[in-house]
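Below: one structure, written as C-alpha coordinates.
The values are calculated or read from the model by the stated rules, or taken from the named source; none is laboratory data. Since the structure is predicted, the reported quantities are computational estimates derived from the model, not experimental observations. Ideal geometry is used to build each Cβ from the backbone, glycine not excepted, and the neighbour counts take in all protein chains shown.
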Amino acid sequence: MLEFLTLLSRRWRVVTAFVILGIAAAAVLTNQVQPSYRAQAQLFVAFASSDDNAASLSQGSLFTANRVKSYPDLVNSPLVLDPVIAELGLDVTTEELAGRVSAEVPPNTVLIEVRADDSSSARASEIANAVAANFITVVEDLDRIRSSDPSPVRVSITRPATAPGSPRTPIPALNIAVGLFAGLGLGLAAAAVREALDTTIKDENDIESATGLPTLAAVPINPDVGQTPVLTPATAAPVWSESYRKLRTNISYLDPDNPPRTLLVTSALAGDGKSITAANLAASLAQSGRRTILVEADLRRPTLSKLLGLVPDVGVTTVVAGRAEAAEVTQRFGDFDVITSGSIPPNPSELLGSQAFRQIVQQLRETYDNVVIDTPPLLAVTDAAVAAVAADAVILVTQARRTKKPELLKALYGLRAVDANVAGVVLNRVSGASGSYYQYTSTRPARTDRKRARRSSAQG
Ligand SMILES: Nc1ncnc2c1ncn2[C@@H]1O[C@H](COP(=O)(O)OP(=O)(O)O)[C@@H](O)[C@H]1O
Ligand SMILES: [Mg+2]
(Lines give C-alpha, C1' and ligand atoms only; values in the text may rest on other atoms or scores of the structure.)
(Ligands and ions follow the chains in the order given, each with its own letter.)
Protein backbone atom coordinates (compact mmCIF):
# COMPACT_ATOMS: atom_id res chain seq x y z
CA MET A 1 0.00 0.00 0.00
CA LEU A 2 2.79 2.33 0.97
CA GLU A 3 4.61 1.39 -2.23
CA PHE A 4 1.45 2.12 -4.17
CA LEU A 5 1.24 5.57 -2.60
CA THR A 6 4.88 6.36 -3.33
CA LEU A 7 4.32 5.18 -6.89
CA LEU A 8 1.35 7.51 -7.15
CA SER A 9 3.15 10.45 -5.60
CA ARG A 10 6.09 9.99 -7.97
CA ARG A 11 4.22 9.10 -11.11
CA TRP A 12 0.98 11.00 -10.72
CA ARG A 13 1.73 12.89 -13.91
CA VAL A 14 1.67 9.76 -16.06
CA VAL A 15 -1.48 8.54 -14.35
CA THR A 16 -3.20 11.90 -14.75
CA ALA A 17 -2.18 12.10 -18.40
CA PHE A 18 -3.68 8.68 -19.11
CA VAL A 19 -6.88 9.50 -17.24
CA ILE A 20 -7.28 12.72 -19.23
CA LEU A 21 -6.53 10.84 -22.44
CA GLY A 22 -9.07 8.17 -21.56
CA ILE A 23 -11.77 10.74 -20.85
CA ALA A 24 -10.92 12.72 -23.99
CA ALA A 25 -10.99 9.58 -26.14
CA ALA A 26 -14.32 8.59 -24.65
CA ALA A 27 -15.71 12.07 -25.26
CA VAL A 28 -14.53 12.13 -28.87
CA LEU A 29 -15.85 8.66 -29.60
CA THR A 30 -19.16 9.42 -27.91
CA ASN A 31 -19.43 12.51 -30.04
CA GLN A 32 -18.73 10.63 -33.25
CA VAL A 33 -20.98 7.68 -32.63
CA GLN A 34 -24.42 8.19 -34.21
CA PRO A 35 -27.01 8.12 -31.47
CA SER A 36 -29.46 5.27 -31.53
CA TYR A 37 -32.98 5.71 -30.14
CA ARG A 38 -35.22 2.86 -29.12
CA ALA A 39 -38.98 3.18 -29.18
CA GLN A 40 -41.24 0.54 -27.72
CA ALA A 41 -44.86 -0.36 -28.26
CA GLN A 42 -46.80 -2.79 -26.12
CA LEU A 43 -49.36 -5.26 -27.48
CA PHE A 44 -51.85 -7.40 -25.70
CA VAL A 45 -52.96 -10.76 -27.10
CA ALA A 46 -56.42 -12.10 -26.36
CA PHE A 47 -58.18 -15.22 -27.45
CA ALA A 48 -61.48 -14.22 -28.90
CA SER A 49 -64.05 -16.80 -27.92
CA SER A 50 -67.65 -16.95 -29.06
CA ASP A 51 -69.06 -19.08 -26.23
CA ASP A 52 -68.02 -18.13 -22.77
CA ASN A 53 -68.09 -21.32 -20.69
CA ALA A 54 -65.23 -21.86 -18.24
CA ALA A 55 -63.64 -24.74 -20.08
CA SER A 56 -63.29 -22.92 -23.33
CA LEU A 57 -62.04 -19.87 -21.45
CA SER A 58 -59.17 -21.72 -19.81
CA GLN A 59 -58.53 -23.56 -23.03
CA GLY A 60 -58.42 -20.22 -24.77
CA SER A 61 -55.97 -18.67 -22.37
CA LEU A 62 -53.69 -21.73 -22.60
CA PHE A 63 -53.86 -21.43 -26.36
CA THR A 64 -53.03 -17.77 -26.22
CA ALA A 65 -50.10 -18.22 -23.82
CA ASN A 66 -48.54 -20.87 -26.03
CA ARG A 67 -49.28 -18.98 -29.16
CA VAL A 68 -47.81 -15.76 -27.89
CA LYS A 69 -44.41 -17.43 -27.44
CA SER A 70 -44.02 -17.80 -31.17
CA TYR A 71 -45.10 -14.28 -32.01
CA PRO A 72 -41.85 -12.40 -31.36
CA ASP A 73 -40.17 -14.28 -34.19
CA LEU A 74 -42.84 -13.07 -36.57
CA VAL A 75 -42.15 -9.45 -35.88
CA ASN A 76 -39.19 -9.16 -38.19
CA SER A 77 -40.54 -11.32 -40.97
CA PRO A 78 -40.91 -9.69 -44.39
CA LEU A 79 -44.62 -10.21 -44.04
CA VAL A 80 -44.66 -7.59 -41.28
CA LEU A 81 -41.79 -5.40 -42.37
CA ASP A 82 -42.31 -4.95 -46.09
CA PRO A 83 -45.57 -3.00 -45.66
CA VAL A 84 -43.82 -0.86 -42.98
CA ILE A 85 -41.01 0.03 -45.40
CA ALA A 86 -43.55 0.94 -48.04
CA GLU A 87 -45.79 2.83 -45.66
CA LEU A 88 -43.04 4.96 -44.11
CA GLY A 89 -41.01 5.22 -47.29
CA LEU A 90 -37.89 3.93 -45.52
CA ASP A 91 -34.66 3.65 -47.43
CA VAL A 92 -33.70 0.25 -46.05
CA THR A 93 -33.84 -3.39 -47.07
CA THR A 94 -36.07 -5.79 -45.22
CA GLU A 95 -33.02 -7.42 -43.65
CA GLU A 96 -31.62 -4.14 -42.45
CA LEU A 97 -34.90 -3.22 -40.85
CA ALA A 98 -35.19 -6.71 -39.37
CA GLY A 99 -31.91 -6.06 -37.59
CA ARG A 100 -33.38 -3.02 -35.92
CA VAL A 101 -36.75 -4.42 -34.95
CA SER A 102 -37.28 -6.94 -32.20
CA ALA A 103 -40.01 -8.23 -29.96
CA GLU A 104 -40.10 -9.87 -26.60
CA VAL A 105 -42.74 -11.52 -24.46
CA PRO A 106 -42.18 -10.67 -20.83
CA PRO A 107 -42.29 -14.01 -18.93
CA ASN A 108 -45.74 -15.25 -17.86
CA THR A 109 -47.62 -12.58 -19.75
CA VAL A 110 -49.55 -12.32 -22.94
CA LEU A 111 -47.94 -9.00 -23.72
CA ILE A 112 -45.58 -8.37 -26.60
CA GLU A 113 -43.05 -5.57 -26.49
CA VAL A 114 -42.23 -4.40 -29.99
CA ARG A 115 -39.01 -2.40 -30.23
CA ALA A 116 -37.51 -0.39 -33.03
CA ASP A 117 -34.08 1.26 -33.11
CA ASP A 118 -33.31 4.27 -35.25
CA SER A 119 -30.92 7.19 -35.38
CA SER A 120 -33.94 9.50 -35.23
CA SER A 121 -36.10 9.45 -32.16
CA ALA A 122 -39.28 10.25 -34.03
CA ARG A 123 -38.65 7.68 -36.73
CA ALA A 124 -37.99 5.01 -34.11
CA SER A 125 -41.48 5.50 -32.68
CA GLU A 126 -43.03 5.62 -36.15
CA ILE A 127 -41.40 2.33 -37.05
CA ALA A 128 -42.39 0.72 -33.75
CA ASN A 129 -46.01 1.76 -34.20
CA ALA A 130 -46.12 0.77 -37.86
CA VAL A 131 -44.58 -2.61 -37.07
CA ALA A 132 -47.05 -3.11 -34.23
CA ALA A 133 -50.01 -2.27 -36.48
CA ASN A 134 -48.82 -4.57 -39.28
CA PHE A 135 -48.00 -7.29 -36.84
CA ILE A 136 -51.59 -7.23 -35.61
CA THR A 137 -52.93 -7.63 -39.13
CA VAL A 138 -50.52 -10.43 -39.95
CA VAL A 139 -51.13 -12.38 -36.75
CA GLU A 140 -54.87 -12.08 -36.92
CA ASP A 141 -54.74 -13.23 -40.56
CA LEU A 142 -52.45 -16.14 -39.85
CA ASP A 143 -54.61 -17.54 -37.09
CA ARG A 144 -57.71 -17.54 -39.19
CA ILE A 145 -58.33 -20.97 -40.59
CA ARG A 146 -60.53 -19.79 -43.38
CA SER A 147 -60.35 -16.30 -44.61
CA SER A 148 -64.03 -15.79 -43.99
CA ASP A 149 -63.72 -16.86 -40.33
CA PRO A 150 -63.38 -14.30 -37.61
CA SER A 151 -59.94 -14.45 -36.16
CA PRO A 152 -59.67 -16.44 -32.92
CA VAL A 153 -56.95 -14.08 -31.78
CA ARG A 154 -57.28 -10.43 -31.03
CA VAL A 155 -54.21 -8.33 -30.61
CA SER A 156 -54.53 -4.77 -29.47
CA ILE A 157 -52.08 -1.99 -28.84
CA THR A 158 -52.02 -1.28 -25.13
CA ARG A 159 -49.26 1.26 -25.25
CA PRO A 160 -48.22 2.93 -28.51
CA ALA A 161 -44.60 3.85 -28.97
CA THR A 162 -43.62 7.41 -28.22
CA ALA A 163 -40.48 9.22 -29.35
CA PRO A 164 -37.78 8.57 -26.71
CA GLY A 165 -36.19 11.68 -25.22
CA SER A 166 -32.66 10.36 -24.93
CA PRO A 167 -30.73 7.90 -27.08
CA ARG A 168 -30.17 4.34 -25.90
CA THR A 169 -26.59 4.52 -27.10
CA PRO A 170 -24.24 6.20 -26.62
CA ILE A 171 -24.61 7.06 -22.94
CA PRO A 172 -22.07 9.87 -22.44
CA ALA A 173 -21.76 9.46 -18.67
CA LEU A 174 -21.17 5.74 -18.97
CA ASN A 175 -18.62 6.17 -21.77
CA ILE A 176 -16.78 8.86 -19.84
CA ALA A 177 -16.70 6.62 -16.79
CA VAL A 178 -15.35 3.75 -18.87
CA GLY A 179 -12.78 6.11 -20.39
CA LEU A 180 -11.80 7.33 -16.95
CA PHE A 181 -11.31 3.88 -15.53
CA ALA A 182 -9.56 2.57 -18.62
CA GLY A 183 -7.25 5.60 -18.46
CA LEU A 184 -6.67 5.05 -14.78
CA GLY A 185 -5.83 1.40 -15.34
CA LEU A 186 -3.50 2.13 -18.24
CA GLY A 187 -1.94 5.04 -16.36
CA LEU A 188 -1.21 2.91 -13.34
CA ALA A 189 0.23 0.19 -15.57
CA ALA A 190 2.40 2.74 -17.37
CA ALA A 191 3.50 4.20 -14.04
CA ALA A 192 4.41 0.75 -12.76
CA VAL A 193 6.37 -0.01 -15.94
CA ARG A 194 8.20 3.31 -15.77
CA GLU A 195 8.93 2.77 -12.13
CA ALA A 196 10.29 -0.69 -12.86
CA LEU A 197 12.47 0.60 -15.70
CA ASP A 198 13.65 3.63 -13.75
CA THR A 199 16.81 2.80 -11.90
CA THR A 200 17.67 6.35 -10.91
CA ILE A 201 18.40 7.17 -7.31
CA LYS A 202 15.46 9.08 -5.87
CA ASP A 203 15.81 9.07 -2.14
CA GLU A 204 17.69 7.83 0.86
CA ASN A 205 16.09 4.43 0.66
CA ASP A 206 17.42 3.92 -2.85
CA ILE A 207 20.90 4.84 -1.67
CA GLU A 208 20.64 2.57 1.32
CA SER A 209 19.30 -0.37 -0.66
CA ALA A 210 21.76 0.02 -3.55
CA THR A 211 24.94 0.71 -1.60
CA GLY A 212 24.28 0.28 2.10
CA LEU A 213 25.80 3.72 2.56
CA PRO A 214 24.26 6.40 4.75
CA THR A 215 22.93 9.60 3.21
CA LEU A 216 24.93 12.37 4.82
CA ALA A 217 22.79 15.16 3.43
CA ALA A 218 19.97 15.81 0.99
CA VAL A 219 20.69 19.06 -0.83
CA PRO A 220 17.65 20.69 -2.43
CA ILE A 221 17.72 22.27 -5.87
CA ASN A 222 18.81 25.85 -5.47
CA PRO A 223 17.89 28.00 -8.45
CA ASP A 224 20.16 30.80 -7.18
CA VAL A 225 23.26 28.63 -7.21
CA GLY A 226 24.47 30.46 -10.31
CA GLN A 227 24.55 33.81 -8.50
CA THR A 228 25.54 32.58 -5.06
CA PRO A 229 27.34 29.26 -5.49
CA VAL A 230 28.75 29.25 -1.96
CA LEU A 231 26.68 29.67 1.17
CA THR A 232 27.18 32.65 3.43
CA PRO A 233 25.59 33.27 6.83
CA ALA A 234 23.08 35.45 4.95
CA THR A 235 22.28 33.09 2.09
CA ALA A 236 18.79 33.53 0.71
CA ALA A 237 18.23 29.76 0.54
CA PRO A 238 18.17 28.63 4.15
CA VAL A 239 17.18 25.03 3.53
CA TRP A 240 19.91 24.67 0.96
CA SER A 241 22.68 26.09 3.18
CA GLU A 242 21.33 24.17 6.16
CA SER A 243 21.82 20.94 4.23
CA TYR A 244 25.57 21.59 4.07
CA ARG A 245 25.65 22.24 7.79
CA LYS A 246 23.91 18.94 8.18
CA LEU A 247 26.58 17.37 5.99
CA ARG A 248 29.27 18.87 8.20
CA THR A 249 27.60 17.59 11.36
CA ASN A 250 27.02 14.12 9.98
CA ILE A 251 30.67 13.89 8.94
CA SER A 252 31.73 14.77 12.47
CA TYR A 253 29.47 11.98 13.75
CA LEU A 254 31.08 9.39 11.50
CA ASP A 255 33.87 8.81 13.97
CA PRO A 256 33.29 11.12 16.93
CA ASP A 257 36.67 10.48 18.56
CA ASN A 258 38.64 10.89 15.40
CA PRO A 259 36.53 12.60 12.74
CA PRO A 260 37.89 12.48 9.21
CA ARG A 261 39.72 15.69 8.36
CA THR A 262 40.74 15.20 4.76
CA LEU A 263 37.51 14.90 2.82
CA LEU A 264 37.46 13.98 -0.85
CA VAL A 265 34.32 14.79 -2.81
CA THR A 266 33.58 12.81 -5.95
CA SER A 267 30.72 11.39 -7.99
CA ALA A 268 29.94 9.07 -10.88
CA LEU A 269 29.46 11.63 -13.63
CA ALA A 270 30.21 15.22 -14.57
CA GLY A 271 27.65 17.76 -13.45
CA ASP A 272 26.50 15.85 -10.37
CA GLY A 273 27.55 18.76 -8.18
CA LYS A 274 30.96 17.74 -6.84
CA SER A 275 32.50 21.23 -7.05
CA ILE A 276 29.45 22.94 -5.54
CA THR A 277 29.32 20.37 -2.76
CA ALA A 278 33.04 20.62 -2.05
CA ALA A 279 32.97 24.43 -1.94
CA ASN A 280 29.95 24.53 0.35
CA LEU A 281 31.25 21.79 2.59
CA ALA A 282 34.42 23.89 2.97
CA ALA A 283 32.32 26.99 3.65
CA SER A 284 30.22 25.30 6.32
CA LEU A 285 33.31 23.81 7.99
CA ALA A 286 34.91 27.27 8.00
CA GLN A 287 31.71 28.75 9.38
CA SER A 288 31.94 26.49 12.39
CA GLY A 289 35.35 28.00 13.11
CA ARG A 290 37.53 25.29 11.57
CA ARG A 291 40.57 26.24 9.57
CA THR A 292 39.62 24.87 6.18
CA ILE A 293 41.25 24.62 2.76
CA LEU A 294 39.59 23.58 -0.47
CA VAL A 295 41.90 21.82 -2.91
CA GLU A 296 40.96 21.39 -6.54
CA ALA A 297 42.12 17.98 -7.73
CA ASP A 298 40.03 18.16 -10.88
CA LEU A 299 42.95 18.78 -13.22
CA ARG A 300 40.88 18.10 -16.31
CA ARG A 301 37.92 20.47 -16.18
CA PRO A 302 38.72 22.81 -13.30
CA THR A 303 35.81 25.08 -12.34
CA LEU A 304 36.68 26.44 -8.91
CA SER A 305 38.61 29.52 -10.01
CA LYS A 306 35.65 30.59 -12.11
CA LEU A 307 33.10 29.56 -9.51
CA LEU A 308 34.84 31.48 -6.74
CA GLY A 309 36.35 34.24 -8.85
CA LEU A 310 39.97 33.30 -8.17
CA VAL A 311 43.16 33.45 -10.18
CA PRO A 312 43.45 30.27 -12.28
CA ASP A 313 47.14 30.32 -13.27
CA VAL A 314 48.80 28.70 -10.28
CA GLY A 315 47.70 25.89 -8.03
CA VAL A 316 48.04 22.18 -7.37
CA THR A 317 50.03 21.43 -10.52
CA THR A 318 52.48 24.24 -9.73
CA VAL A 319 53.18 22.79 -6.28
CA VAL A 320 53.40 19.18 -7.48
CA ALA A 321 55.89 20.30 -10.11
CA GLY A 322 57.95 21.86 -7.32
CA ARG A 323 57.75 25.37 -8.72
CA ALA A 324 56.02 26.84 -5.65
CA GLU A 325 55.12 26.12 -2.05
CA ALA A 326 51.49 25.35 -1.20
CA ALA A 327 51.26 28.53 0.85
CA GLU A 328 52.37 30.58 -2.15
CA VAL A 329 49.48 29.40 -4.36
CA THR A 330 46.84 29.54 -1.64
CA GLN A 331 44.04 32.04 -2.24
CA ARG A 332 41.31 33.20 0.06
CA PHE A 333 37.56 32.92 -0.46
CA GLY A 334 35.33 34.03 2.41
CA ASP A 335 36.30 32.17 5.57
CA PHE A 336 38.38 29.49 3.89
CA ASP A 337 41.50 29.01 1.79
CA VAL A 338 41.57 27.56 -1.71
CA ILE A 339 44.21 26.02 -3.92
CA THR A 340 42.87 25.81 -7.47
CA SER A 341 44.07 23.30 -10.06
CA GLY A 342 46.70 25.45 -11.73
CA SER A 343 47.54 24.92 -15.38
CA ILE A 344 46.11 21.74 -16.90
CA PRO A 345 48.75 18.96 -17.11
CA PRO A 346 48.86 16.23 -19.76
CA ASN A 347 48.85 13.43 -17.16
CA PRO A 348 46.46 14.26 -14.30
CA SER A 349 46.20 10.67 -13.00
CA GLU A 350 49.94 10.35 -12.55
CA LEU A 351 50.09 13.73 -10.87
CA LEU A 352 47.37 12.86 -8.38
CA GLY A 353 48.90 9.45 -7.71
CA SER A 354 52.31 10.96 -7.10
CA GLN A 355 54.15 11.03 -3.82
CA ALA A 356 54.35 14.81 -4.19
CA PHE A 357 50.55 15.20 -4.23
CA ARG A 358 50.18 12.99 -1.17
CA GLN A 359 52.80 15.05 0.61
CA ILE A 360 50.99 18.28 -0.18
CA VAL A 361 47.76 16.91 1.24
CA GLN A 362 49.63 15.64 4.30
CA GLN A 363 51.26 19.00 4.78
CA LEU A 364 47.93 20.86 4.45
CA ARG A 365 46.42 18.44 6.95
CA GLU A 366 48.98 19.65 9.46
CA THR A 367 48.24 23.32 8.80
CA TYR A 368 44.44 23.06 8.56
CA ASP A 369 41.70 21.37 10.51
CA ASN A 370 40.04 20.25 7.33
CA VAL A 371 41.16 19.67 3.75
CA VAL A 372 38.34 19.34 1.22
CA ILE A 373 39.32 17.92 -2.17
CA ASP A 374 37.27 18.41 -5.34
CA THR A 375 37.80 15.77 -8.05
CA PRO A 376 36.74 14.69 -11.57
CA PRO A 377 33.95 12.13 -12.11
CA LEU A 378 34.82 8.53 -11.24
CA LEU A 379 33.23 6.83 -14.24
CA ALA A 380 35.22 9.00 -16.66
CA VAL A 381 38.72 8.81 -15.22
CA THR A 382 40.58 7.16 -12.37
CA ASP A 383 41.81 10.46 -10.90
CA ALA A 384 39.38 10.52 -8.00
CA ALA A 385 40.11 6.92 -7.02
CA VAL A 386 43.83 7.62 -7.22
CA ALA A 387 43.54 10.78 -5.11
CA ALA A 388 41.21 9.04 -2.64
CA VAL A 389 44.23 7.27 -1.18
CA ALA A 390 45.33 10.62 0.24
CA ALA A 391 41.99 11.27 1.95
CA ASP A 392 40.54 10.19 5.30
CA ALA A 393 37.04 9.90 3.93
CA VAL A 394 35.33 10.02 0.54
CA ILE A 395 31.95 11.64 -0.01
CA LEU A 396 30.00 10.43 -3.03
CA VAL A 397 27.67 12.97 -4.62
CA THR A 398 24.55 11.58 -6.28
CA GLN A 399 22.15 13.55 -8.37
CA ALA A 400 18.59 12.82 -7.35
CA ARG A 401 16.54 11.29 -10.19
CA ARG A 402 19.54 11.33 -12.52
CA THR A 403 22.31 9.14 -11.20
CA LYS A 404 21.41 5.52 -11.91
CA LYS A 405 21.96 2.78 -9.37
CA PRO A 406 24.47 0.92 -11.56
CA GLU A 407 26.45 4.15 -12.02
CA LEU A 408 26.58 4.80 -8.31
CA LEU A 409 27.60 1.21 -7.69
CA LYS A 410 30.32 1.35 -10.33
CA ALA A 411 31.70 4.51 -8.75
CA LEU A 412 31.59 2.86 -5.36
CA TYR A 413 33.42 -0.24 -6.59
CA GLY A 414 36.09 1.99 -8.11
CA LEU A 415 36.66 3.53 -4.70
CA ARG A 416 36.51 0.23 -2.83
CA ALA A 417 39.09 -1.17 -5.23
CA VAL A 418 41.65 1.30 -3.87
CA ASP A 419 40.50 0.74 -0.28
CA ALA A 420 39.13 4.25 0.01
CA ASN A 421 37.07 4.99 3.07
CA VAL A 422 33.69 5.87 1.58
CA ALA A 423 31.89 7.74 4.32
CA GLY A 424 28.52 8.22 2.67
CA VAL A 425 26.44 9.86 -0.02
CA VAL A 426 25.21 13.39 -0.61
CA LEU A 427 21.91 13.35 -2.46
CA ASN A 428 22.08 16.50 -4.55
CA ARG A 429 19.35 18.42 -6.35
CA VAL A 430 16.45 16.97 -4.45
CA SER A 431 13.42 18.46 -6.16
CA GLY A 432 11.39 21.17 -4.49
CA ALA A 433 8.19 19.21 -5.08
CA SER A 434 9.45 16.65 -2.61
CA GLY A 435 10.53 19.57 -0.46
CA SER A 436 9.36 17.59 2.51
CA TYR A 437 12.58 15.75 1.95
CA TYR A 438 14.46 18.03 4.23
CA GLN A 439 11.92 17.43 6.94
CA TYR A 440 12.05 13.78 6.18
CA THR A 441 15.77 13.59 6.87
CA SER A 442 15.45 15.63 10.02
CA THR A 443 12.69 13.40 11.36
CA ARG A 444 14.58 10.28 10.56
CA PRO A 445 16.26 9.85 13.93
CA ALA A 446 12.87 10.13 15.57
CA ARG A 447 11.66 7.34 13.33
CA THR A 448 14.45 4.99 14.25
CA ASP A 449 13.92 5.88 17.87
CA ARG A 450 10.32 4.91 17.52
CA LYS A 451 11.31 1.67 15.85
CA ARG A 452 13.80 0.98 18.55
CA ALA A 453 11.24 1.79 21.19
CA ARG A 454 8.81 -0.61 19.58
CA ARG A 455 11.45 -3.29 19.40
CA SER A 456 12.46 -2.90 23.03
CA SER A 457 8.86 -2.84 24.18
CA ALA A 458 8.30 -6.02 22.17
CA GLN A 459 11.22 -7.60 23.98
CA GLY A 460 10.19 -6.29 27.37
N1 LIG B 1 21.73 21.86 -5.48
C2 LIG B 1 21.83 22.42 -6.68
N3 LIG B 1 20.82 23.17 -7.15
C4 LIG B 1 20.89 23.74 -8.36
N5 LIG B 1 21.93 23.61 -9.19
C6 LIG B 1 22.98 22.87 -8.80
C7 LIG B 1 22.99 22.24 -7.52
N8 LIG B 1 24.15 21.55 -7.40
C9 LIG B 1 24.82 21.76 -8.54
N10 LIG B 1 24.15 22.55 -9.38
C11 LIG B 1 24.57 23.03 -10.72
O12 LIG B 1 24.96 21.90 -11.47
C13 LIG B 1 26.06 22.22 -12.30
C14 LIG B 1 27.17 21.24 -12.05
O15 LIG B 1 27.66 21.41 -10.77
P16 LIG B 1 29.17 21.12 -10.45
O17 LIG B 1 29.34 21.24 -8.97
O18 LIG B 1 30.06 21.95 -11.30
O19 LIG B 1 29.25 19.61 -10.90
P20 LIG B 1 30.54 18.68 -11.00
O21 LIG B 1 31.65 19.35 -10.26
O22 LIG B 1 30.11 17.39 -10.36
O23 LIG B 1 30.80 18.51 -12.44
C24 LIG B 1 26.45 23.62 -11.97
O25 LIG B 1 25.93 24.47 -12.96
C26 LIG B 1 25.78 23.91 -10.66
O27 LIG B 1 25.44 25.25 -10.54
MG1 LIG C 1 33.53 19.92 -10.84
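Scanning the stretch 386-433 for residues that are among the hydrophobic types (A, V, I, L, M, F, W, C) and not in a strand (DSSP E or B) yields a count of 16. A single entry from Arg115, Arg144, Arg123 fulfils the requirement of being surrounded by 13 or more Cβ atoms within 10 Å (Cβ to Cβ) and under 18 Å from Gln34 (Cα atoms): Arg123. Scanning for something among the acidic types (Asp, Glu) and over 30 Å from Pro406 (Cβ atoms), does the stretch 276-298 turn up at least one residue? No, the stretch 276-298 has no match at all. Of note, Leu174 satisfies the criterion of being part of a helix (DSSP H, G or I), surrounded by fewer than 15 Cβ atoms within 10 Å (Cβ to Cβ), outside the structural domain of Arg123 (by TED's automatic domain parsing) and within 39 Å of the chain's Cα centre (by Cα). Within the stretch 267-299, restricting attention to residues that are assigned to a helix (DSSP H, G or I) and more than 11 Å from ligand 1 (Cβ to nearest atom), the residue that is surrounded by the fewest Cβ atoms within 10 Å (Cβ to Cβ) is Gln287. Does the stretch 64-113 hold any residues that are part of a helix (DSSP H, G or I), of a type in the set (A, V, I, L, M) and free of Cβ contacts under 8 Å to residues at least 12 places away in the same chain, and which are they? Scanning the stretch 64-113 gives a single hit, Ala86.
Here Ala130 does not qualify as in a helix (DSSP H, G or I) and closer than 11 Å to Arg38 by Cα.
Looking only at residues in the stretch 246-266 that are of a type in the set (S, T, N, Q) and away from ligand 1 (no atom under 16 Å from the Cβ), which one is farthest from the chain's Cα centre (by Cα)?
Taking the stretch 246-266 as the starting set, the residues that turn out to be of a type in the set (S, T, N, Q) are 249-250, 252, 258, 262, 266.
Then drop every residue that is not away from ligand 1 (no atom under 16 Å from the Cβ), which leaves 249-250, 252, 258, 262.
Details: Thr249: 35, Asn250: 33, Ser252: 38, Asn258: 45, Thr262: 41 Å.
Looking at residues that are of a type in the set (S, T, N, Q) and away from ligand 1 (no atom under 16 Å from the Cβ), I get Asn258.
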